[in-house]
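These notes are about the structure you will find just below.
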Amino acid sequence: MRLGVLTGGGDCPGLNAVIRAVVRSAANAEKPIEILGIEDGFGALVADGEIRTLSLSHVRGILSRGGTILGTTNRGDPFHYPVKQDDGSTIYQDLSHRCLERMQEHAMDGLIVIGGDGTLKIAHDLAQKGAKVIGVPKTIDNDLEATAYTFGFDSAVNVAVEALDRLKTTAESHDRMMIMEVMGRYAGWIALHAGIAGGAHAILIPEIPYDLVPLKAHLKRRRKRGANHHLIVVAEGALPRGGEHSYNTDIEASKGAMRRLGGAAERLARELAPLEIETRTLVLGHLQRGGSPTYRDRLLGTAFGAHAMELAQNGAWGQMVCLDGIRFTDVPM
């Protein structure tokens, strides 16, 4: 058997744990299994990118490493692939057939796709065209259905909690309000878990548009009780009731990437300015994506990778591995 493996979308801690588990499972299989590492996501399948055999030596020592040894991108959608024209302009074409052709060229019996909602949607669409795929859920946002947790989430929350602990001491020293913005896109899991674990005094999440009136009243009550500082965690996708999301002004969307959320903390600081509390904002940004995975994400990534290999060996294509409570299982993609 010969299987391809790729990582797509944003990077996160735990990706290398999955790749390692896939390669080690292949090495320990009863029948020979060759693992082909596809670099930089689906783009390598479309544009004749690097595809190389992964041996045990390639994955030795990577369990604790963040990121992905295969590289990744959020701009390589083969169904909407950017193609430069002679005049310098860019058009987007459906080149998904190239993925199937490249898989045939390399005699791949199947493909293990590690990614979030966008990457797994591409994998599902390729499956509809005849590709044999298995999905492994990855995202710090923890916003995928059918799995209790995704790897990368625990590591991101730990970074946010440590940041809150540090903000608390400086906020107390200067009698300030600290507003910390965390990632998560349109899901508030990171903000909610980090805010509770870090002792935040208010947590704003996308699922519940916030109302400034009770928020201001809450902060005023805290000051009357003698509190000299406030910690607020705001998800990047949080929005005021009746308002809109905050987006960074950039050209990412025109390059085929998702539009980037950003500015929620600064907007909230402006909205709370009438309280006349000295305020500072902090955007954690990509700090939440980097660094070594926590032990939970190492375990989760390893278990997901091993289960994906079991599915491949059993010919259970079109499935996504998942965590159902404390049981590792799988669901139709």
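The values are calculated or read from the model by the stated rules, or taken from the named source; none is laboratory data. Please read all numbers here as calculations on a predicted model, not as lab measurements. Don't worry about glycine lacking a Cβ; one is built from the backbone with ideal geometry, like all the others, and counts go over all protein chains shown. We work out accessible area using only protein heavy atoms, side chains counted, and drop any ligands, DNA or RNA first. Shrake-Rupley method; radii C 1.70, N 1.55, O 1.52, S 1.80 Å.
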With every protein chain in place, the range 1-119: carbon and sulfur % of accessible area (1.4 Å): 44 percent
Estimated FRET transfer efficiency (Tyr295, Ala47; beta-carbon r; R0 30 Å; 0.05): 0.20
Spatially close lysines, pair count over the chain: Cα under 21 Å, gap of eight or more or interchain: 10
Principal-axis tilt of helix 295-313 within the chain, Cα atoms, nearest 10 degrees: 30 degrees
Accessible area in square angstrom per residue, the range 166-290, 1.4 angstrom probe: 51 Å²
Principal-axis tilt of helix 117-128 within the chain, Cα atoms, nearest 10 degrees: 30 degrees
Per-peptide average of other Cβ atoms within 10 Å, ordering 85-93, 317-325 highest first: 317-325, 85-93
Where trypsin sites (Lys or Arg not before Pro) in DSSP loops with at most 13 other Cβ within 10 Å are excluded, longest remaining stretch of the chain: 130-224
Under-5 Å amide H pairs with Met177, H placed in peptide plane, nonlocal only: His230, Glu278, Thr279, Arg280
The range 166-296 pair-distance distribution - Cα-Cα, 10 Å bins, rounded %: 12, 42, 33, 11, 2, 0
With Cα atoms, 0 to 90° folded angle of helix 15-27 axis to the chain main axis: 30 degrees
Charge dipole (debye, nearest 20) of the chain; +1 at Cβ of Lys and Arg, -1 at Cβ of Asp and Glu: 1060 debye
Selected from Ala107, Ala265, Ala194 as most flexible by GNM, with the chain as the system and alpha-carbon contacts under 10 Å: Ala107
Compactness of the range 220-333, expressed as Rg and Dmax over alpha-carbon positions, Å: 21.5, 64
